[in-house]
Amino acid sequence: MDKFVIEGPTPLKGTIPISGSKNAALPLMAAALLGHTSSRLSLIPRLQDIDTFNRVIAETGTTIHFNGKENSLVIDPSGLSNTIAPYDLVRKMRASFYMLGALIGHAGEAKVSLPGGCAWGPRPVDLHLQGFEKMGVRIKLDQGYVFASIPGNSVEGGEFTLEPSSVGATINLVLGAVKRAKFFVIKNAAQEPDVVLLCRMLQKMGADIEGIGTDTLTIRKVEKLEGVEFSNAPDRIETGTYMIAAALHPESEVTLTGCKPEDLGDFPRTFSKLGVDFQIDGSTIFIRSAENIHPVSIKTKIYPGFPTDLQAQWATLMTQANGLSTVTDTVYFDRFSYVPELNRLGANLRVEKNNVTIHGKTKLIGAAVMSTDLRASVSLVMAGLVAEGTSEILRVYHLDRGYEKLEDKLNRVGASIKRVVQ
Ligand code: UD1
């Protein structure tokens, strides 16, 4: 397994281009399976998770072609004949479970492996399954697989309330409903930009969805959807990650290009409390850090609140703020595997239930660290950038799942990160 060797501390100076969003791309790829003709998606990042989903999709007989140079993907579902998403692929990435909605939509039946647990707790799919049952889809669980079928060509539908609101369940239910449910209402639907983008693509394909961007989505069945050309959005979590990375070292000056600031929700407002110089101009974000970073406590919430996918990075930044702060995760209660690792670098963090208290500012000293998930791993890379001496970040395959060209992008603006292939 590859590792990163980082020499620090290094300020970051220069421009970092933002890639297409991983979490938004996956549902768009699933939506392409509902088309009568092929779809072409642009701004698709070259990432492990995209490759994994390509393989899940190809397994069905769909033709899928990724052009890495252009970051585009052409998906032709006309040959789709196999409605199974097997365990050995689904277990690699939870979002493969979107195949349930996509296959119900395309074929009216599906056999999709349950995704199982993950590095930060059980992450259930009960809401996905209850929602489909409410829609009128027959759901049966057998030997770790979900078997879904519908009687005839369509189901009556109905109304389903997500409690709590779930991005994945909203996406799956929308995918399943647009071609199958006569009338289906999703209440407390996720309003994340990834959900909005999926609905916009489906609308362009011919779907009838009302309430896009609100917490109530109303779907009326259409017989046929056409393939479309559609652009993915810039990655809002990558954007937030590099904003935080730029604030970490007092001498950093970074410009992020190709961003979509309107997808960042309340994050820029929280960021502006740090006391760093920060400006948004169209799709460009400029950050000039400061000697004195203010401690800013955060609580993760659903969109537009502070994203859980940025809490580990924020806690890392808070190790360099002057004073006491807290990070509370209300979306996932158990997403703190980075805490003992940051403490090994010299930070002072204490976890209690779903809350971390951070005493800043502490000097970080390089060491070997390891993490068990994507966002925790990137927070350790960021800590390595400001730690004195050599840090080794083990198991960087987590990063390859979700950050396009991470070490290239950071090295180009002054970091010293070497990938050691093991
Ligand atoms: C997506 C993102 C992930 C992000 C998360 C929250 C992708 C591929 N992943 O994950 O990066 O951290 O949103 O913004 O886009 N829940 C249930 N039952 C269910 C489904 C969810 O109880 O059936 C709960 C979860 O345990 C969690 C909450 O709902 O507490 C929100 O999870 P959800 O929005 O579904 O996250 P994902 O879609 O899995």
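The values are calculated or read from the model by the stated rules, or taken from the named source; none is laboratory data. Nothing here was measured: the structure is a model prediction, and the numbers come from that model. FYI the Cβ positions are ideal-geometry reconstructions off the backbone, even for glycines, and counts take in every protein chain you see.
Here is a list: Pro11, Pro45, Pro27. Which entry is in the same structural domain as Gly105 (by TED's automatic domain parsing) and either under 21 Å from Ala415 (Cβ atoms) or more than 13 Å from the chain's Cα centre (by Cα) (or both)?
Pro45
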Of all residues in region 393-422, which are surrounded by fewer than 21 Cβ atoms within 10 Å (Cβ to Cβ) and basic (Lys, Arg)? Arg395, Arg401, Lys405, Arg412, Lys418, Arg419
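Name the one entry in Leu197, Leu175 that is in contact (Cβ under 8 Å) with a residue 24 or more places away in the chain, within 12 Å of His128 (Cβ to Cβ) and not in a loop (DSSP other than H, G, I, E, B).
On the way: Leu197 fails: within 12 Å of His128 (Cβ to Cβ).
Of Leu197, Leu175, the one residue that is in contact (Cβ under 8 Å) with a residue 24 or more places away in the chain, within 12 Å of His128 (Cβ to Cβ) and not in a loop (DSSP other than H, G, I, E, B) is Leu175.
Based on what the data block shows, is Leu127 in a helix (DSSP H, G or I) and either touching a residue at least 12 places away in the same chain (Cβ under 8 Å) or hydroxyl-bearing (Ser, Thr, Tyr) (or both)? Before you say what the answer is, go through the steps one by one.
Details: in a helix (DSSP H, G or I): yes; either touching a residue at least 12 places away in the same chain (Cβ under 8 Å) or hydroxyl-bearing (Ser, Thr, Tyr) (or both): yes.
Answer is yes for this residue.
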Determine the pairs where a residue that is farther than 16 Å from Gly384 by Cβ, located within region 239-264, has a partner that is charged (D, E, K, R) with Cβ atoms under 7 Å apart, the partner being 6 or more residues away or on another chain. Pro250/Glu291; Glu253/Lys13; Glu253/Arg288; Lys260/Arg236; Asp263/Arg236; Leu264/Arg236
Can you tell me which residue in region 337-354 is surrounded by the most Cβ atoms within 10 Å (Cβ to Cβ), limited to those that are part of a loop (DSSP other than H, G, I, E, B) and free of Cβ contacts under 8 Å to residues at least 60 places away in the same chain? Ala347
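Determine which member of the set Leu80, Leu28, Leu103, Leu73 is within 14 Å of the ligand (Cβ to nearest atom) and of a type outside the set (Phe, Trp, Tyr).
Values: Leu80 fails: within 14 Å of the ligand (Cβ to nearest atom); Leu103 fails: within 14 Å of the ligand (Cβ to nearest atom); Leu73 fails: within 14 Å of the ligand (Cβ to nearest atom).
Residue meeting the stated conditions: Leu28.
Got at least one residue in region 399-421 being more than 27 Å from Ser21 (Cα to Cα), more than 16 Å from the ligand (Cβ to nearest atom), touching an Asp or Glu at 6+ places or on another chain (Cβ under 8 Å) and not in a loop (DSSP other than H, G, I, E, B)?
Of region 399-421, the ones more than 27 Å from Ser21 (Cα to Cα) are none.
Checked against the condition, which is being more than 27 Å from Ser21 (Cα to Cα), more than 16 Å from the ligand (Cβ to nearest atom), touching an Asp or Glu at 6+ places or on another chain (Cβ under 8 Å) and not in a loop (DSSP other than H, G, I, E, B), region 399-421 yields no hits at all.
Of the residues Thr357, Thr390, only one is part of a strand (DSSP E or B), surrounded by fewer than 18 Cβ atoms within 10 Å (Cβ to Cβ) and in contact (Cβ under 8 Å) with a residue 40 or more places away in the chain; which?
Values: Thr357 fails: in contact (Cβ under 8 Å) with a residue 40 or more places away in the chain.
Sole residue among the options that is part of a strand (DSSP E or B), surrounded by fewer than 18 Cβ atoms within 10 Å (Cβ to Cβ) and in contact (Cβ under 8 Å) with a residue 40 or more places away in the chain: Thr390.
From Ala246, Ala181, grab the single residue that is away from the ligand (no atom under 16 Å from the Cβ), buried (at least 24 other Cβ atoms within 10 Å of the Cβ), closer than 28 Å to Ala315 by Cβ and of a type outside the set (Asp, Glu). Write out each step before concluding.
Working: Ala181 fails: closer than 28 Å to Ala315 by Cβ.
Ala246 is the lone residue from the list that is away from the ligand (no atom under 16 Å from the Cβ), buried (at least 24 other Cβ atoms within 10 Å of the Cβ), closer than 28 Å to Ala315 by Cβ and of a type outside the set (Asp, Glu).
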Which of the residues spanning region 132-168 are away from the ligand (no atom under 16 Å from the Cβ), within 26 Å of Asp194 (Cα to Cα) and in contact (Cβ under 8 Å) with a residue 60 or more places away in the chain? Gly157
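Can you tell which of Thr328, Thr308 is more than 23 Å from Leu385 (Cα to Cα), within 16 Å of the ligand (Cβ to nearest atom) and at pLDDT 95 or above?
Details: Thr308 fails: more than 23 Å from Leu385 (Cα to Cα).
Result: Thr328 is the single residue among Thr328, Thr308 that is more than 23 Å from Leu385 (Cα to Cα), within 16 Å of the ligand (Cβ to nearest atom) and at pLDDT 95 or above.
Against the definition (under 30 Å from Asn153 (Cα atoms), under 24 Å from the mean Cα position of the chain (by Cα), part of a loop (DSSP other than H, G, I, E, B) and not hydrophobic (A, V, I, L, M, F, W, C)), how does Gly227 come out, yes or no?
Values: under 30 Å from Asn153 (Cα atoms): yes; under 24 Å from the mean Cα position of the chain (by Cα): no; part of a loop (DSSP other than H, G, I, E, B): yes; not hydrophobic (A, V, I, L, M, F, W, C): yes.
Taking the combined requirement at face value, the residue does not satisfy it.
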Identify, from the list Ile44, Ile57, the residue that is surrounded by 24 or more Cβ atoms within 10 Å (Cβ to Cβ) and not in a helix (DSSP H, G or I). Ile44
Would you confirm whether any residue within region 197-219 is buried (at least 18 other Cβ atoms within 10 Å of the Cβ), within 22 Å of the chain's Cα centre (by Cα), of a type outside the set (A, V, I, L, M) and within 12 Å of the ligand (Cβ to nearest atom)? no
Out of region 277-305, which residues are crowded, with 21+ Cβ neighbours inside 10 Å and more than 16 Å from the ligand (Cβ to nearest atom)? Ile285, Ile287, Ser289, Ile293
